[in-house]
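The values are calculated or read from the model by the stated rules, or taken from the named source; none is laboratory data. For clarity, every value in this text was computed on a predicted model and none was experimentally measured. Glycine gets a Cβ as well: all are built from the backbone with ideal geometry, and neighbour counts include every protein chain shown. For accessibility, only protein heavy atoms count, side chains too; no ligands or nucleic acids. Shrake-Rupley method; radii C 1.70, N 1.55, O 1.52, S 1.80 Å.
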Amino acid sequence: MKKVKLGLIIFVLSVFAALAGCSKGSEETSGKSGGSEGTVEIGVVLATSGPIAQTGTWVLDGHKAAEKEINDNGGFKVGDKTYKVKIVQYDSEGRAESATAATEKLINQDKVPVILGTSISSETAAMIPIAQRAKTPLITFVAASDILTAQGASFFSQAAPANKNYVEAGTKTMKDMGMKNIAFIYVDDAWGQSYGKLYPPAMEEKGLKIVATEKFAPEQKEFMTMLNKVKAKNPDGVVLAAETELAVPLLKQLHEVMPDVKIMESGGSIPEELIKLAPDAVDGLVTLSRAGAITPEITKFQELFAKSNSYKANSFNYSGYDGIHFIVDAMQRAGTVSDKEKINKAIRDAKYKGLIGTYSFNEKGENSLVGNRAIIKDGKVIYQTVNEPLPK
C-alpha cells in the first residue's frame with residue numbers, strides 16, 4: 001500500500017513538473033523572455049485626444065502601418081528567433097500628468113523594453129526623468145523642442161527634426177520670400193516657446209526685423225483681436241509656429257485681416273490638410289517640412305498606407321512608420337529584445353535610413369536632420385530643399 005501511495009505521489013509530482021515546464025515555455029514564447037516565436041511589446045504614448053490630438057493620431061497611424069507590415073511579413077528575427085510586434089499605446093490627452101502616468105504604467109506594469117513618445121514636447125519633457133531613472137530607452141520622432149536634449153538624459157534620444165536644426169532653414173526661407181519686417185506668432189507650449197527663444201537672435205543675424213511677437217494658448221480658436229494688433233505694426237511677413245489643428249482657424253482669420261501678407265509656418269502643419277481645411281487662406285503659404293521630395297520609398301509607403309487608411313499618408317505618418325522600424329532595427333543590431341541598456345546603445349549608435357532621412361545621434365541624443373520646405377501654390381503642394389529657388 002505504501003508503495004502504491006509513493007508511486008502516486010511521484011506521478012503527481014511529475015505531472016506538476018511537466019505543467020510547470022509548459023508554463024515556462026509559454027512565457028518564453030510570449031516574447032518578453034524570447035522564445036522561438038514571440039511578441040515584442042513596444043510602448044507608445046501619444047495624445048489622441050485633447051487640443052492637439054490630430055498630430056498624435058497621425059503618428060499612431062504610422063506606427064500601426066509599420067506594425068501590420070512587419071507582422072504580415074512574418075515578424076523580424078533577432079538571432080535565430082522570430083518576433084511579432086505589438087504596440088501598447090496610452091493616450092496622453094495633451095497633458096503632462098497623463099503622459100507621466102502612462103510612462104510609469106508602461107515601465108512598471110507592461111514592462112516594455114522601449115517607449116516611443118510623444119508628439120508634444122512638454123509631455124515628452126515630463127517623461128524623460130522617469131525613463132532615465134528606470135533605464136528604459138525613450139525616443140521621440142515628433143517632439144522637437146530643444147528643452148528635451150537639454151536635460152542630458154542618456155536614455156533619451158530625439159529622432160524628430162529638432163527646432164534648432166530648423167531655424168537656419170526658416171530664416172533662409174524668410175529671406176527667400178522677401179520678408180523684412182516680420183510678425184512672429186507662436187503657440188504657447190514647449191515647442192512654440194523653443195522657437196520663441198531660438199528665432200529672434202537668428203533673425204537679427206540675418207538682418208530680419210521682428211516688429212511684433214504674439215503667443216496663444218493651444219486651445220485658442222479666436223484670434224481677431226491679436227491679429228488686428230499685429231496689423232497695426234505693418235508687417236510684410238508673418239511667421240507662425242502652429243500645429244495643423246491650431247493653424248487652420250488662425251490662417252482663416254489672418255486671411256481676413258491681412259489677405260496679402262506673406263506667411264511662413266515653421267514645421268507644425270501638414271500643407272495638404274491646410275489646403276483641405278482652409279483652401280482660400282493658404283495659397284502662397286510656405287511651411288517647413290520634415291518631408292522632402294517624394295522618393296520611391298515614400299511612394300511604396302503611401303501605397304501600403306492607403307490599403308488600411310482612408311486618407312493620404314503625410315509626413316507625421318512617415319515619422320510614426322519610421323519609429324517602429326527604427327526600434328526593430330535597433331533590437332536586431334543589439335541582438336536582444338529585452339536588454340534595455342543594449343537596446344539604448346544601439347539606438348544611440350544608429351545610422352538608420354528612414355522615410356524622412358537618416359537617423360543618427362550625437363552624445364546628447366540630438367539628431368542631424370534638417371528641414372525641407374513645402375510651398376502651397378494653386379491648390380497643390382511643391383516639396384523642395386531650402387537650397388532650391390522658390391517657384392515663381
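Quick notes on this one:
- With DNA, RNA and ligands ignored, accessible area of residue 310 (1.4 Å probe; Å², nearest 10): 120 Å²
- Expressed as a fraction of 2.2 N^0.38 Å, the value expected for a compact globular protein of N residues, the C-alpha radius of gyration of the range 324-392 is 1.56.
- The aspartates and glutamates whose alpha-carbon is closer than 18 Å to the alpha-carbon of residue 377, local same-chain residues fewer than 8 away aside, are 176, 260, 265, 272, 273, 280, 283, 388.
- Overall, the accessible surface of the chain at a probe of 1.4 angstrom is composed of carbon and sulfur to the extent of 53 percent.
- A simple charge model with +1 on the Cβ of Lys and Arg, -1 on the Cβ of Asp and Glu and nothing else charged puts the dipole of the chain at about 1100 debye relative to its Cα centre.
- The range 43-83: trypsin sites (Lys or Arg not before Pro) in DSSP loop, at most 14 other beta carbons within 10 Å: none
- Mean separation of Cα contacts under 8 Å, 6 or more apart, over the residue count of the range 263-313: relative contact order %: 35 percent
- For residue 78, residues with placed amide H under 5 Å, excluding near neighbours: 83
- Relative intensity of the chain on a log10 scale, I(q)/I(0) at q = 0.12, 0.15 Å⁻¹, equals -0.90, -1.31, per a Debye sum over C-alpha point scatterers of equal strength in the absence of solvent.
- Estimated Rh, the range 141-269: Kirkwood, alpha-carbon pairs, angstrom: 15.0 Å
- Pair-distance profile P(r), taking every C-alpha pair of the range 236-281, with 10 angstrom steps and integer %: 30, 63, 7
- Note on the chain: helix-only mean residue ellipticity at 222 nm, from DSSP H runs of 4+ residues weighted -39500 (n - 2.57) and normalised by residue number, equals -14000 deg cm²/dmol.
- The value of relative contact order for the range 347-392, using C-alpha pairs under 8 Å at least six residues apart, is 22 percent.
- Applying a threshold of 23 Å to the alpha-carbon distances of 312/345; 221/262; 221/380; 206/233; 252/307 flags 312/345; 221/380; 252/307 as lying beyond it.
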